[in-house]
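Structure record follows, encoded as structure tokens.
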Number of protein chains: 2
Amino acid sequence: MLIEVLPSANLSVLPYLQNKIVIVIDVLRATSTMVTALANGCQAIIPVLTPEEAIEKRLMIPGALLGGERKAIKIEGFDLGNSPFDYVPEKVGGKRIIMTTTNGTRAIRAAAEAPHVWMASFLNLQSIILSLYRHLESNRNLEGILIICAGTEDRFDLPDTLCAGMLIDQLRLDLEVNDLAKAAMMLYSLAKDDLVNVIRSSDHARRLMELEFDRDIIYCCTQNILPIVPVLKEGEIVWLT
Amino acid sequence: MLIEVLPSANLSVLPYLQNKIVIVIDVLRATSTMVTALANGCQAIIPVLTPEEAIEKRLMIPGALLGGERKAIKIEGFDLGNSPFDYVPEKVGGKRIIMTTTNGTRAIRAAAEAPHVWMASFLNLQSIILSLYRHLESNRNLEGILIICAGTEDRFDLPDTLCAGMLIDQLRLDLEVNDLAKAAMMLYSLAKDDLVNVIRSSDHARRLMELEFDRDIIYCCTQNILPIVPVLKEGEIVWLT
């Protein structure tokens, strides 16, 4: 089984999507927040590229909430930011959320042509792995797994790469890997015993700490607490069934 | 001193160039070959983007040689490929070479707006480091070092990243690093005792081995044998003086 990791989602993603399960990772914080929102009873998340697109979309979906960030801060006029702690049951229970983030939702939209697009984070990694076993077993035409690190402005993101490394490390399959998949495993093997501190030293975490989102980082580094696989289905992110 | 590593040279490189020393790395094989060519008496290397541009340029430079590759193979009608073993003194001595490679020359051209653009490889890493000390000492307005891994088709390249990691590891400066610079150091620390084999397991090396370029890989992994810093000066790559 071929497993590839890409450092960010730019235009060149498209050639890699065919017959692949695509796993989008944005540890800080989009995919961590999406997993949390679904666990807290949110009905569906609709990823969009811009705040304008979000506002326009809401006109068609009565009762939907607007969520997202620019420069890590809640967009003006939106109901929710990009912190998982915004997405509590009393706010998101039973709701649909239209969401736009700088990197995460862009990566998801870039991958939308793939037959399967799943959202991973440390919070739900074990469920991703179990679902991969099931899917690869029942879909023999799948040719591989493509992990897209949503990254930060098309650059390399250490938290996302470490999460990809943990996923590959724990996947008990005979794997053929690309360079970044190999590097991700190497980095995870070095960082796993001090994961929170390594992630706190990353560029993105340092920006979040300046904005006093320390507890978001701690939470987003917590492993395997949410048994959910968010999946893109007809433009909406819902539980994998 | 800020040191940043970028995984490839795409359009987003430009905002990072101002007041920086840019170091382009393409271990397999463009920058390794350029260092070798200059060491073997080549007068200058002119990096161009396409074979057509190379042929057109030669009309204006009598006696110049054409060098480069597409898909790792010498371009039809060209004098030299992208193997350092093509660039022997009897062929390149005293000559100017117009060169186009898939990733390396593109990265160099993308960085051309920076005040200093140098070419690094394992072959000349010690000279790069010594020159960095001298330049940072005498140019107090320099704000940092930007390392561009030429990469492979905008993806992450393990050999280039390991070379960046070795450079940062051996640079005895008080450094502030971005995520990929930190990852590069971590990867180098894991791989340094088995560098050739780790590099041989990379995507690009495996392609080169299929084409029977094994000895190119061994040669390109050799450290600190060439005391040369190739530098971009008015569109040509020459010795740093």
List the distances, in nm to one decimal, from the label point of A:Trp239 to the label points of the same position in every other copy, shortest first, placing each label point 7 Å from Cα along the Cα-to-Cβ direction.
7.1
What is the diffusion coefficient of the range B:150-223 in µm²/s, taking the Kirkwood radius over Cα pairs and the Stokes-Einstein relation at 10 °C with a viscosity of 1.306 mPa s?
123
Just the Kirkwood number for the protein assembly as shown, please: inverse of mean 1/r across all distinct Cα pairs, in Å, one decimal.
23.4
Count neighbours as other Cβ atoms within 10 Å of each site's Cβ, and list the GluC sites (Glu not before Pro) in the range B:150-218 that are DSSP loop with at most 16 such neighbours.
B:Glu153, B:Glu212
What percent antiparallel are the DSSP beta bridges of chain A, to the nearest 5?
25
Do the alpha carbons of any pairs in A:Lys57/A:Lys91; A:Lys182/B:Lys192; A:Lys20/B:Lys182; B:Lys20/B:Lys57; A:Lys74/B:Lys20 sit beyond 23 Å of each other, and which pairs?
A:Lys20/B:Lys182; B:Lys20/B:Lys57; A:Lys74/B:Lys20
Using a Förster distance of 35 Å, the FRET efficiency for B:Asp174-B:Thr50 (Cβ separation, nearest 0.05)
0.25
Surrounding net charge for B:Gly93, when Lys and Arg each add one and Asp and Glu each subtract one, Cβ distance under 15 Å
0
Within chain B, longest stretch clear of exposed trypsin sites (Lys or Arg not before Pro) (DSSP loop, no more than 15 other Cβ within 10 Å):
B:1-70
Hey, for A:Ile61 with labels 7 Å out along Cα-Cβ, what do the inter-copy distances come to in nm, ordered shortest first?
5.6
Please give the calculated 222 nm ellipticity per residue for chain A, where each DSSP H segment of at least 4 residues contributes -39500 (n - 2.57) and the sum is spread over every residue; nearest 500 deg cm²/dmol?
-10500 deg cm²/dmol
When the C-alpha atoms of the range A:18-67 are aligned to their principal axes, what extent does each axis show, in angstrom, from largest down?
33, 29, 21
Taking beta carbons within 10 Å but only from partner chains, what does the mean come to for residues A:78-88?
0
Local charge sum around B:Asn224 (other residues, Cβ-Cβ under 14 Å, Lys/Arg +1, Asp/Glu -1)?
0
Highest-fluctuation residue, A:Gly63, A:Gly81, A:Gly144 considered, GNM on chain A with Cα pairs under 10 Å
A:Gly63
Grab the residue from chain A whose Cβ hugs the A-to-B rotation axis most tightly, plus its distance in whole angstrom.
A:Pro7, 3
Which order results if B:Phe156, A:Phe85 are arranged by neighbouring Cβ count within 10 Å, fewest first?
A:Phe85, B:Phe156
Listed residues A:Pro227, A:Pro15, A:Pro115; largest mean-square fluctuation, Gaussian network over chain A with Cα springs below 10 Å, found at A:Pro15
Residue exposure sequence - B:Met99, A:Met60, A:Met34 - by fewest surrounding Cβ within 10 Å:
A:Met60, B:Met99, A:Met34
Ordered by residue, what ³J(HN,Hα) values in Hz, to whole numbers, does the range B:53-60 give under the Karplus form 6.51 cos²θ - 1.76 cosθ + 1.60, where θ = phi - 60° and Gly and Pro are x?
4, 5, 5, 5, 5, 4, 4, 8
At 4 °C and 1.567 mPa s, what whole-number value in µm²/s does Stokes-Einstein give for the translational diffusion of chain B, with Rh from the Kirkwood sum over Cα pairs?
74
Using a 10 angstrom cutoff on alpha carbons, build the Gaussian network for chain B and name the most mobile of B:Asp194, B:Asp154, B:Asp214.
B:Asp194
Roughly how many nanometres apart are two label points built 7 Å out from the Cα toward the Cβ at B:Asn224 and A:Tyr133?
4.9
Average beta-carbon neighbours from other chains, 10 Å sphere, peptide B:154-163:
5
For the residues A:Trp118, B:Trp239, what sequence is obtained by ranking on other C-beta atoms within 10 Å, fewest first?
B:Trp239, A:Trp118
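Read-outs throughout are calculated quantities, based only on the coordinates presented, and are distinct from any laboratory measurement. Quick caveat: nothing in here was measured; it's all calculated off a predicted structure. Don't worry about glycine lacking a Cβ; one is built from the backbone with ideal geometry, like all the others, and counts go over all protein chains shown.
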